[in-house]
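Visitor: Have a look at this one before I ask anything.
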Amino acid sequence: EKALLKEYAGKPSQTKDGVKVELVCNIGKPADANKAVECDGEGIGLFRTEFLFMDRDSMPTEEEQFEAYKEVAEKMKGKPVIIRTLDIGGDKDVPYLGLEHEDNPFLGFRAIRYCLQRKDIYDIQLKALLRASAFGKIKIMVPLVTGVDELRQVKAMIKDIMAELDKEGVAYNKNIEVGVMMETPAACMMADALAKEAAFFSIGTNDLTGYTMAVDRGNAKVAYLYSTYNPAVLRAIKRIIECGKKEGIMVGMCGEAAADSKLIPLLLAFGLDEFSVSATSVLKTRKTISDCTMDECKALADKVMVCVTEEEVLEILG
Ligand code: PEP
Ligand code: MG
């Protein structure tokens with residue numbers, strides 16, 4: 001197994017018939033970027049910035065954040081680094097953020113909703129990200145988006161910060177890409193409109209599955225409904241990719257499904273451009289992609305997408 005995987009280090013990520021995709025990594029700490037490099041990741045598809053805010057009793061300063069983002073950008077040496085802005089809510093205990101206990105934290109005051117109400121906190125993160133963008137190919141990703149207005153508000157904040165940085169004579173990437181994490185049914189329904197204003201999409205299948213199926217994963221009684229193989233979820237994924245492709249933007253996936261060898265042929269057939277997986281899954285995922293041909297993937301997708309139950313889907317995917 002190890003030897004087989006070794007075979008795929010340093011190789012391009014492409015199907016047997018030569019369709020290239022990007023194979024990048026999910027990370028949680030700047031030091032994890034080393035693992036991404038060691039495992040031959042072609043960039044970072046999801047840097048979860050929550051770690052910077054957790055296990056401490058005060059806000060990380062702009063300088064601390066800047067250093068963390070810069071470190072990852074530099075380690076990746078010009079390869080794409082998608083940094084997700086703060087995705088935190090009432091399910092986590094971060095005392096200095098002033099979050100209250102909520103009965104339904106996953107449907108509550110979290111992620112971009114929190115950040116747009118606490119612009120004082122969000123401003124600092126966005127400024128640190130913009131400053132770090134001078135040191136590599138940083139892209140900004142907005143979590144838990146439900147509509148175009150949220151994306152517009154983030155872009156307006158970024159524009160204001162850019163004007164400030166210009167005044168201060170601080171370097172940053174004026175063309176920094178701002179993309180949307182596609183992980184709510186609302187974003188899926190609005191994907192056509194979002195694709196006109198987002199620089200890229202990244203599908204967060206972990207949350208998209210839960211929200212689409214209206215299931216709390218932690219609840220054993222309904223956990224059986226939590227499945228990315230459910231045709232409802234597959235249709236959501238397909239729609240998001242199609243809407244993104246129609247507007248010519250990159251569509252990636254950073255949820256667990258991106259590394260699922262059963263789903264990869266489908267994702268290729270739908271036209272997914274980027275697969276973001278844990279560092280340890282990079283070479284395995286590259287192998288799975290290399291074993292596919294687009295004709296086979298498309299034939300498989302045709303069969304799967306007429307299924308109307310999860311059971312039917314799994315009968316085909318095995
Ligand atoms: C997701 O929701 O699929 C995702 C990648 O983000 P997280 O697991 O951090 O919510
Ligand atoms: Mg998520």
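Read-outs: derived from the displayed coordinates by stated rules, not from any lab. The shown structure was predicted, so the numbers you read here are calculated from the model rather than taken from an experiment. Cβ: placed from backbone, ideal geometry, glycine included. Neighbour counts: every protein chain shown.
Visitor: Using a Gaussian network model of the chain with C-alpha springs under 10 Å, which one of 58, 202, 227 is most mobile by mean-square fluctuation?
Guide: Looking only at 58, 202, 227, the biggest GNM fluctuation is shown by 58.
Visitor: Sticking with this structure for a sec: Looking only at the chain, where both bridge partners belong to it, what percent of the DSSP beta bridges are antiparallel (to the nearest 5)?
Guide: 5
Visitor: Compactness ratio of the chain: Cα Rg over 2.2 N^0.38 Å, N = residue count?
Guide: With N residues counted in the chain, Rg over 2.2 N^0.38 Å equals 0.99.
Visitor: Treating the Cα atoms of region 1-86 as identical point scatterers in vacuum, please give the log10 of the normalised Debye intensity I(q)/I(0) at q = 0.11, 0.14 Å⁻¹, two decimals.
Guide: -0.37, -0.56
Visitor: Using a Gaussian network model of the chain with C-alpha springs under 10 Å, which one of 195, 171, 187 is most mobile by mean-square fluctuation?
Guide: 171
Visitor: Further, regarding this structure: Only Lys, Arg, Asp and Glu count, each charged at its Cβ (+1, +1, -1, -1), so figure out the dipole size of region 195-318 about its Cα centre, rounded to 20 debye.
Guide: Here region 195-318 has a charge dipole of around 140 debye.
Visitor: To the nearest Å, what is the center-to-center distance of region 94-138 and region 228-298, using C-alpha atoms only?
Guide: 28
Visitor: What size of dipole, in debye to the nearest 20, comes out for region 52-172 about its Cα centre when the only charges are +1 on Lys and Arg C-beta atoms and -1 on Asp and Glu C-beta atoms?
Guide: My answer is approximately 740 debye.
Visitor: What angle do you read, to the nearest 10 degrees and between 0 and 90, between the alpha-carbon axis of helix 119-132 and the longest principal axis of the chain?
Guide: 70
Visitor: Hey, what's the Cα Rg ratio for region 1-152 versus the globular rule of thumb, 2.2 N^0.38 Å?
Guide: 1.18
Visitor: For the chain, what is the calculated [θ] at 222 nm in deg cm²/dmol (nearest 500), taking -39500 (n - 2.57) for each run of four or more DSSP H residues and dividing by its residue count?
Guide: -13000 deg cm²/dmol
Visitor: Taking the Cα centre of region 65-187 as the origin and placing charges on Cβ (Lys, Arg +1; Asp, Glu -1), which of 116, 171, 128 is farthest toward the positive end of the dipole?
Guide: Of 116, 171, 128, it is 171.
Visitor: How many nm separate the modelled label positions at residue 91 and residue 134, each set 7 Å beyond the Cα in the direction of the Cβ?
Guide: Going by the 7 Å Cα→Cβ label model, 3.8 nm.
Visitor: For region 96-155, which trypsin sites (Lys or Arg not before Pro) are in a loop by DSSP, counting at most 13 other Cβ atoms within 10 Å?
Guide: Of the trypsin sites (Lys or Arg not before Pro), not one in the loops of region 96-155 has a Cβ with at most 13 other Cβ atoms within 10 Å.
Visitor: Still on this structure: When the expected Rg is taken as 2.2 N^0.38 Å, what fraction or multiple of it is the alpha-carbon Rg of region 78-132?
Guide: Dividing the Cα Rg of region 78-132 by 2.2 N^0.38 Å gives 1.28.
Visitor: Among 96, 122, 172, which one shows the highest mean-square fluctuation when the chain is modelled as a Gaussian network with alpha-carbon springs under 10 Å?
Guide: 96
Visitor: Name the residue farthest towards the positive end of the dipole of region 53-198 from the options 188, 94, 138, assuming +1 on Cβ of Lys and Arg, -1 on Cβ of Asp and Glu, about the Cα centre.
Guide: So the residue furthest toward the plus end is 138.
Visitor: What is the magnitude of the charge dipole of the chain about its Cα centre, with +1 placed on the Cβ of each Lys and Arg, -1 on the Cβ of each Asp and Glu, and no other charges, expressed in debye to the nearest 20?
Guide: Dipole of the chain, to the nearest 20 debye: 780 debye.
Visitor: Quick check on region 170-318: what are the equivalent-ellipsoid semi-axes from the Cα gyration tensor, as sqrt(5λ), descending, whole Å?
Guide: Working through the eigenvalues yields semi-axes of 25, 19, 16 Å.
Visitor: Pick out, from 43, 228, 107, the residue whose Cα sits farthest towards the positive end of the charge dipole of the chain, with +1 on the Cβ of Lys and Arg and -1 on the Cβ of Asp and Glu.
Guide: After comparing all options, I get 43.
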